[in-house]
Amino acid sequence: MFLALVGAAAVSPTPSPHGIWADVTLQREGSALLSPFTVAIALHNATGHLVRLRFPTADLFRVDVLHDDSPVWSSVTGHKPIPITRQLDVSPGLLRLAQVIVDSTTDDHRAFAPGRYTVRVAMLGTNFGTIVDKAVSFDPPDTIARALATKPGTVITIAGEPYIDGGTPRLRDTTGTLRLSRALGIRAVGTYVVRGFLDAAGDERVFDVGRSAPAFENAPSPSP
């Protein structure tokens, strides 16, 4: 599977007084909605000697995704840091610190909206606190008409209103309707984003659902 390394044309990282700087890269399969991406974090030690970093909790960093300067996803949502002081010894050169997978849905389980986002990585050390921003964009979903014209097996992201027709789950938008391989939920209402590929069941074309989520414009689901 091909992973493209992308990132914002941002200000170059500045070494801390300790000669350490953080490097962040985004590994993506594509820019379609519901396509997960990986945030890879590394530390560079340019001092030529070992440097000890200190952290007030067991967490070394946090990752946030912001849209129009508002957070929509965070690696620390629902997580309580363990208040144990931690030390990290960084040898000269490159230390690959962590990889965080973002599934491209919000903390309240809606699909990201199309558009531009900021991925923000904050190092949480008491003697090494730095923030690195990277830009990432998502394309609008394709139409059902476009999905019906694609080659079977081609992965694509579409959006529409789910409904049941004679016991068969379907999706509709302004360009047409499409049979789904499965229902998108017990009481799925509003617009849903669906990622999958076109298949066939007898003479009818069926969209094989891989992932689905309420669209960003849907009201957030109430907490259970």
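The values are calculated or read from the model by the stated rules, or taken from the named source; none is laboratory data. Bear in mind the structure is a predicted one, so any value in this text is a computation, not a measurement. We place every Cβ from the backbone using ideal geometry, glycine too, and count neighbours over all the protein chains shown. These accessible areas exclude ligands, DNA and RNA; they are computed on the full protein's heavy atoms, side chains included. Shrake-Rupley method; radii C 1.70, N 1.55, O 1.52, S 1.80 Å.
Points to keep in mind about this one:
- Overall form of the stretch 134-224 per C-alpha gyration tensor (a/c, 1.5; a/b vs b/c): oblate
- Inter-label distance, nm, simple model (7 Å from Cα along the C-beta direction), Ile164/His49: 7.1
- Mean separation of Cα contacts under 8 Å, 6 or more apart, over the residue count of the stretch 85-139: relative contact order %: 26
- Packing, as the average of other Cβ atoms within 10 Å across residues, places the peptides 124-132, 31-39 in the order 31-39, 124-132, highest first.
- For the stretch 21-140, alpha-carbon Rg relative to the globular expectation (2.2 N^0.38 Å, N residues): 1.14
- Linear extension gain, Ile186 paired with Arg86, 0.36 nm per residue minus alpha-carbon span: 31.5 nm
- Ligands, DNA and RNA are left out, and with a 1.4 angstrom probe the accessible area of the chain is 54 Å² per residue.
- Summarising the label geometry, the points placed 7 Å from Cα in the beta-carbon direction at Val76 and Ala200 lie 5.3 nm from one another.
- Global form of the chain, assessed from the alpha-carbon gyration tensor, a/c cut-off 1.5: prolate
- Computed helical MRE - 222 nm, the chain, DSSP H runs ≥ 4 contributing -39500 (n - 2.57), nearest 500: -500 deg cm²/dmol
- Three-way shape call for the stretch 45-99 based on the alpha-carbon gyration tensor, with the a/c threshold at 1.5: oblate
- With every protein chain in place, the chain: carbon and sulfur % of accessible area (1.4 Å): 53
- Applying 1/(1 + (r/R0)^6) with r as the Cβ-Cβ distance of Arg172 and Thr38 and R0 = 45 angstrom yields a FRET efficiency of 0.85.
- Taking the chain and dividing mean pair separation by its residue count, relative contact order in percent (alpha carbons under 8 Å, at least six apart): 19
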